[in-house]
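Trainee: I have a structure here, written as structure tokens, and I will follow up with some questions on it.
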Amino acid sequence: MFKLFRFLKPYWWQVIILLLATGLQVYTTLRLPALMADIINNGIVTGDTNYIWMTGLKMIGLTVISALGSLVSSYFAARVGTNFARDVRTAIFTKVINFNLLDLKSFSTASLLTRTTNDVNQVQNVMIMIFLIMLRAPLFLVISIIMAIQTAPDMSWIILVGAAAILGSAITIISIVMPKFKVFQNLIDKITLITRENLTGLKVVRAFDNENLEKTKFKKANDKLTRLLIFIDRILELQNPLINIIFNGTTLLCSWVGISLLSKDFAYLGNMTAFAQYVTFVMMSFLMMSMLFVMLPRANVSAHRINEVLKKPMRIRWREKTSGMPEKTASVEFKNVDFIYPEAEEKILDNVSFKAVAGETTAFIGSTGSGKSTLINLVPRFYEATGGKVLVNGLPVENYAKEDLIAKIGFVPQRGMLFAGTVRSNIKFGVPNASDEQMKKAARIAQAENFIEKLPDKYNSHVAQGGTNVSGGQKQRLSIARAICKNPDIFIFDDAFSALDMRTDARLREALKEVTNDTVTLIVAQRVSTIKDADQIIVLDNGKVVGKGKHFELLKKCQVYQEIVKSQLSEAEFKKEVAMAGRAKYD
Amino acid sequence: MTNQPNKKSMFASFKMFLKSLKGHRFSIIVAILLTVGSALFGLFIPKILGDMTTIAVNTYPNIDWSALGGKAILVIILFLTSAALNYGQAFILAVVSAKYTKEVREKILDKIFKLPIAYFDKHQYGDTLSRMSNDVDVLTTSMSQEIADVSMSITILVGVMVLMLTISVPLSLISFIVVPVSVFVVGQIMRYAQKYFREQQSTLGVLNSEVEEDYSGEIVIKSNSYEDDALDEFTKVNDKLTKVSRRAQIFSSLSFPVTHIFTNLGYVAVCALGGVFVIEGRISIGNIQAFIQYVSQFNRPITEIASTTSTLQALLAASERIFEFLNEPEEEPDKNPAKAVDRVRGEVEFHNVSFSYIEGRPVIKNFSAKITPGMKVAIVGPTGAGKTTMINLLMRFYEPTSGYITVDGVPTSEMKRSDVRQMFGMVLQDTWLFNGTVEDNLKYGNLLASLDDIKRAAKASNVNHIIEALPKAYHSEISEDSDNISAGEKQLLTIARAMVANPPMMILDEATSNVDTRTEQLIQDSFEKLTLGRTSFVIAHRLSTIRNSDLILVMRDGNIVEQGTHEELLKLNGFYAELYNSQFSE
């Protein structure tokens, strides 16, 4: 939590005003009991009605000042608190949006989302609470003690008794209950876990007719939780009656001691009442401060989660300007590229070299975990190679300015992702000033034209957030159109065709030839049928290149490739393919 | 708070909530009585303390210590009794609320099992989960808080008013006038605050979806250099949120200084006027001291009752969500007496089965087929064609809209659901495993299975060596999201689980993605073993599986468009042939 305080820096003068206003408010509020004692001692006892009215007016004046102080401090607390939250949110968002994929993967999207919204809210609320209550409590405490001693110095020992009693009881209760809270949280988590399991595994539970088993499991955890909850509650609830006893006890003590001091000085008549109120303020401030123990841990969890994001170092630094001249002809070349996750032992990519040239399609295939997705992510520098060189148009990727490199690449991710807006805004996402002809051409090639034309508003049709109002296949076609519309030097399809049915897949690849004459095309695929016709197929296994060539060549000489093909075809079909591969030699 | 809950349904669910408390009626009444008692005892304390002052002043300088001592003891007795009663109430309510929470949670879990699967196809898991955790939490904490607070506040309010009136009518009237004014002003402020809080919630919603979109689409943003534009868009919403939430915060914190100023004005008036009254001899000094204390006590229940409305709103919203869930229509109960099949041979017949998720849009139309024992049936078709619907009907997760399915001649609709489900073993793409040991997971379908049985099944499913390689072998803890086993291995485990259950028929969903080639072959091999000699239904993706099937059901847009063997279907030269050729023609 305290680490986040640095975000308060721009608002330091507002915090100071806040402090001053709070001080003013506390001081004026605390002057009232003393004035009341004056009314009793100087007005009532002496029978001076005038004095009473004058003091009464003074008290009203103080009340108004106190309210003004309170208004000002509330205003600045809200202002600083919300501005603080805004800045933290912006900091998180900026950080996340510039994360490289590696860091992005280390958090889940859902968790990043909670950190940006809920956690910041939590921290904001606690921050405002701190401004409004936590700043007030110590001031109240100190000023009350001073004023109490001033009004009745002989009674000041009562403050010690009261404060000790309050602190003692609060600390005892908290120290008994606090350790149980952890157990409590674990049990709550357990209950949530069982519920979640039963929801996600609904069909399995019912299929095996195990409802009763699950109910028993749940009941066991639930019973445990209930017992613990009763225990915690019974201890916690001691607090209220104890505080009441202590408050009433000290008030009685004040009266008793005050009365016994009357013989010494009759002014104790008024002073003991005022003193009793000051002691109450002292004890209340302690209570307010003990709330900090309850609030801070919760806010700390949120603050910690926020800091986790903020302190991630930026792994990739981009140049302001591209250094060196990239070649005119498109190409992608890997020279002995390694990639290893930080703190991991095994390399994801191990000494990968190849060259993909303009006008040709280079395809990557391999089982999950073979590194094919990682490999293509190195081209737009979503990841940074840990060894070797990645060259785009002859220039190492780290020599590029971000905009220059990204402008060369049309990247289509595995999952078709759209943004809220229109069909038009989605296709023109990377190039807002593209012409409508360009957009329509992209849609036609991506096999999206047919369904777009059928939409009520065609290219102006609304696309919902996350593209939920179009089907999976349509989403994928639009995201392909988006890449085509950019008119890039390099196309990268990261398993982008698997959401399409095989006919659309084939048609799309055929149409794509229209725009890939001078471009490098990189395709990652699962389906052998998608990449059969590629000019160059690179077979990856455990991060190593184990085969490079065309379909039939690889069928003959690359064992891993054979296995992949075999797993997708029946025995007979596989034999047919191999036979064709044999014949291909004579073609 | 963005959508205002419907008043009527809120009222109905509140009635249900009250009804559900019936079992705890007695404890709650006792708790309320204790609260009232505790408040009453506490009320007299300031009055007696005031009397002490009066005694001291009147008998000064020869202070009557014995009279004072008596009063002091009375005060001690009063506050100890008050505290004891207060704790008694808390003690009882702690049990009531904990037990009630427990009951509600169990009811919800029970309900989960009683609801038709269709409910969960329409509602997200997270929603039910949050009803189970958040809403139950809100309901029970605010419930006991409300019971204690409201009864305490009302007693104090009434008691203090009476006591104040007995001390001085004119002073009381002054204090009473201040209250409605302050309540009115605070009420106005809160209305604005609430308006801005609602606005804050909806702006937060906008921000949320904006951020979610950007985070989940980050790869697209990166591949189009869109980061700066995204930040601009974010900043716009962020600024708006800051503005609205600042207003909400300011207005809600305004209520404190405003009540404060009214309270203090009342306080000052009482001090000054009271002082004058004392001089005039209309009131004793001790009584004015007591009166001042009552004035400050008088305000607390009012602010408390004011804050009650917001807790009450939260409570109502939570109870609505909980009881709305508990009120959802349940699966029709099993036929009683139910029919049963003694020794299942595995003859399954579909009799003119139709089904629609949405009325008027049939997913399966008038489908009939007879599957003889031991037959292997492949269900094929593009994604979204309704293949899983067939499985849902077989397992009676859904009921056909018309027609029926028989097993060995007995309609499944006349059997117990649990009996129907136990006839089938199920291996789905979604490899659900629960948190527990490998052993517990594997014997999930047959709780009586011995470790030897389990090992045999694991060997047959090619997963034994994987389990043995885990740190604690069969006693290793695993879960759905365990990362020490791969997706393919998880599927092997679910196959082994089905084998341990040893059902007469099988339902399989072939998954191909995300599994490496070698595991893929192991899975295929265990599938073979699993279906051997059993009537089985396979949602097939692999052509080898399809070709080896005895019957292929080809689905398209929710209809079974063709059925027959591979050769028959190819000859038909229809949709199946097209599907087949698109992948493997030259």
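Trainee: To the nearest 0.05, what FRET efficiency results for A:HIS462 and B:HIS475 with a Förster distance of 51 Å applied to their C-beta separation?
Mentor: Efficiency, from the Cβ-Cβ distance: 0.40.
Trainee: Taking θ = phi - 60°, what integer Hz values does the Karplus form 6.51 cos²θ - 1.76 cosθ + 1.60 yield along region A:357-364, in sequence order, with x for Gly and Pro?
Mentor: For region A:357-364, the Karplus-derived couplings read 10, 4, x, 10, 9, 10, 10, 10 Hz, x marking Gly and Pro.
Trainee: Now a separate question. Set Lys and Arg Cβ to +1 and Asp and Glu Cβ to -1, take the dipole of region B:33-180 about its Cα centre, and tell me which of B:SER144, B:LEU171, B:GLY159 lies farthest positive.
Mentor: Going by the Cα projections, it comes out as B:SER144.
Trainee: By how many degrees, between 0 and 90 and to the nearest 10, does the Cα long axis of helix A:157-200 differ from the longest principal axis of chain A?
Mentor: With both axes taken from Cα atoms, the answer is about 30 degrees.
Trainee: Quick one, what does Rg over Rh come out to for chain B if you take C-alpha atoms and the Kirkwood Rh?
Mentor: 1.16
Trainee: How many percent of DSSP beta bridges within chain A run antiparallel, rounded to 5?
Mentor: 55 percent
Trainee: How large is log10 of I(q)/I(0) for chain A at q = 0.10 Å⁻¹ when the intensity is taken from the Debye formula with one equal scatterer per alpha-carbon?
Mentor: The calculated log intensity ratios at q = 0.10 Å⁻¹ are -1.01.
Trainee: Still on this model: What spacing in nm lies between the two simple spin-label points modelled at B:ARG300 and A:LYS454, each 7 Å away from Cα in the Cβ direction?
Mentor: 7.0 nm
Trainee: Still on this model: How many Cβ atoms of partner chains, on average, are near each residue of A:240-248 if near means within 10 Å of its Cβ?
Mentor: Counting Cβ atoms of other protein chains within 10 Å of each residue's Cβ and averaging gives 6.
Trainee: Quick one: what do you get for region B:41-118 if you divide its Cα Rg by 2.2 N^0.38 Å?
Mentor: So region B:41-118 has a normalised radius of gyration of 2.22.
Trainee: Considering amide H positions built from the backbone, and no H for Pro or chain starts, which residues 5 or more places from B:ARG556, or on another chain, come under 5 Å of its amide H?
Mentor: Amide H neighbours of B:ARG556, under 5 Å, 5+ apart: B:VAL561.
Trainee: Oh, and also: Roughly speaking, what is the stretch gain from B:VAL158 to B:TRP65, that is 0.36 nm per residue apart minus the C-alpha to C-alpha distance, in nm to one decimal?
Mentor: Taking 0.36 nm per residue and subtracting the Cα distance, the gain is 30.2 nm.
Trainee: Give a quick list of chymotrypsin sites (Phe, Trp or Tyr not before Pro) in region A:264-300 that DSSP marks as loop, anything other than H, G, I, E or B, with at most 15 other Cβ atoms within 10 Å.
Mentor: Answer by residue number: A:PHE266.
Trainee: Continuing with this model, one more query. Relative to the compact-globule scaling 2.2 N^0.38 Å, provide the ratio for the alpha-carbon radius of gyration of region A:293-349.
Mentor: Against the compact-globule rule of thumb, the ratio is 2.04.
Trainee: Calculated from DSSP H runs of 4 or more alone, at -39500 (n - 2.57) each and per residue, what is the 222 nm mean residue ellipticity of chain A, nearest 500?
Mentor: -19500 deg cm²/dmol
Trainee: If one takes the longest principal axis of the Cα atoms in chain B, at what angle in degrees, from 0 to 90 and to the nearest 10, does the Cα axis of helix B:285-326 lie?
Mentor: 10 degrees
Trainee: Let me know the charge dipole size of chain B about its Cα centre in debye, to the nearest 20, where only the beta-carbon of Lys, Arg (+1) and Asp, Glu (-1) is charged.
Mentor: So the dipole magnitude of chain B works out to roughly 2160 debye.
Trainee: Give the percent of DSSP beta bridges with both residues in chain B that are antiparallel, rounded to the nearest 5.
Mentor: In chain B, approximately 55 percent of DSSP beta bridges are antiparallel ones.
Trainee: May I pose another question? Can you find, among B:MET190, B:GLY360, A:ALA420, the residue farthest towards the positive end of the dipole of the protein assembly as shown? Put +1 on the C-beta of Lys and Arg, -1 on that of Asp and Glu.
Mentor: Checked the options; the winner is B:MET190.
Trainee: Using label points projected 7 Å from each Cα along Cα→Cβ, tell me how many nm separate B:LYS114 and B:ARG456, to one decimal.
Mentor: Distance between label points: 4.0 nm.
Trainee: Of the chymotrypsin sites (Phe, Trp or Tyr not before Pro) in region B:173-235, which ones lie in a loop per DSSP and count no more than 10 other C-beta atoms within 10 Å?
Mentor: none
Trainee: Before rounding to the nearest 500, sum -39500 (n - 2.57) across all DSSP H runs of length at least 4 in chain B and divide by the residue total; then give [θ] at 222 nm in deg cm²/dmol.
Mentor: Helix contribution divided over all residues of chain B: -22000 deg cm²/dmol.
Trainee: Next question, about the same structure. Explain nothing, just compute: Karplus ³J(HN,Hα) = 6.51 cos²θ - 1.76 cosθ + 1.60, θ = phi - 60°, for every residue of region A:479-493 in order, whole Hz, x for Gly and Pro.
Mentor: So the Karplus estimates, Gly and Pro as x, are 6, 6, 4, 4, 5, 5, 4, 6, 6, x, 7, 10, 9, 10, 10 Hz.
Trainee: Counting Lys and Arg as +1 and Asp and Glu as -1, what is the net charge of the other residues whose Cβ lies under 13 Å from the Cβ of A:ASP189?
Mentor: Residues close to A:ASP189 contribute a combined charge of +3.
Trainee: Hey, what do the phi angles of region B:444-453 turn into as Karplus ³J(HN,Hα) couplings, whole Hz, using 6.51/-1.76/1.60 and θ = phi - 60°, x for Gly and Pro?
Mentor: Result, ordered by residue: 4, x, 8, 5, 8, 4, 7, 4, 5, 4 Hz.
Trainee: For region A:2-310, restrict the atom set to alpha-carbon positions and state the Rg and Dmax in Å.
Mentor: 26.6, 90
Trainee: Taking the alpha-carbon centroid of each part, what is the distance from region A:359-411 to region A:10-50 in angstrom?
Mentor: Result: 70 Å between the Cα centres.
Trainee: Shifting gears a bit: Principal axes first, then extents: for the Cα atoms of the protein assembly as shown, list largest minus smallest coordinate on each axis, whole Å, largest first.
Mentor: For the protein assembly as shown, the Cα spread along each principal axis is 130, 82, 57 Å.
Trainee: Averaged over every viewing direction, what's the projected area of the C-alpha convex hull for region A:99-154? Give it in nm², one decimal, please.
Mentor: Projected over every direction and averaged, the Cα hull of region A:99-154 covers 5.8 nm².
Trainee: In vacuo Debye scattering of region A:1-101, one point per C-alpha: log10 I(q)/I(0) at q = 0.12, 0.17, 0.18, 0.20 Å⁻¹?
Mentor: -0.58, -0.81, -0.86, -0.95
Trainee: Show the residues, 5+ positions off or on another chain, whose built amide H is closer than 5 Å to the amide H of A:ILE523.
Mentor: A:THR362, A:ALA363, A:PHE364, A:PHE493
Trainee: Which far-off residues, 5 or more places away or on another chain, put their amide H under 5 Å from the one on A:LYS544, with H placed in the peptide plane?
Mentor: A:ASP350
Trainee: Please figure out what share of the DSSP beta bridges in the protein assembly as shown is antiparallel and state it in percent, rounded to the nearest 5.
Mentor: 55 percent
Trainee: Oh, and also: If you rank A:VAL539, A:VAL520 by fewest surrounding Cβ atoms within 10 Å, what's the result?
Mentor: A:VAL539, A:VAL520
Trainee: Next question. Taking Cα centroids, how far is region A:503-534 from region A:196-262 in Å?
Mentor: For region A:503-534 versus region A:196-262, the Cα centre distance is 63 Å.
Trainee: Say R0 is 45 Å: what FRET efficiency, to the nearest 0.05, do B:GLU578 and B:ASN336 get from their beta-carbon distance?
Mentor: Given R0 = 45 Å and the Cβ-Cβ separation, E is 0.40.
Trainee: Sticking with this one: What percent of all Cα-Cα pairs in region A:361-425 falls in each 10 Å bin, counting up from 0?
Mentor: Result, from short to long distances: 16, 43, 30, 10, 0 percent.
Trainee: How many partner chain Cβ atoms sit within 10 Å of a residue's Cβ in peptide B:253-261, on average, as a whole number?
Mentor: 6
Trainee: Wrap a convex hull around the Cα atoms of region B:80-173, take a quarter of its surface area, and give that in square nanometres.
Mentor: For the Cα atoms of region B:80-173, the hull's average projected area reads 9.3 nm².
A short reminder: the numbers here are calculations on the coordinates, not readings from a lab. Just so we're clear, the structure is a prediction, and the values are computed from it rather than from any experiment. Don't worry about glycine lacking a Cβ; one is built from the backbone with ideal geometry, like all the others, and counts go over all protein chains shown.
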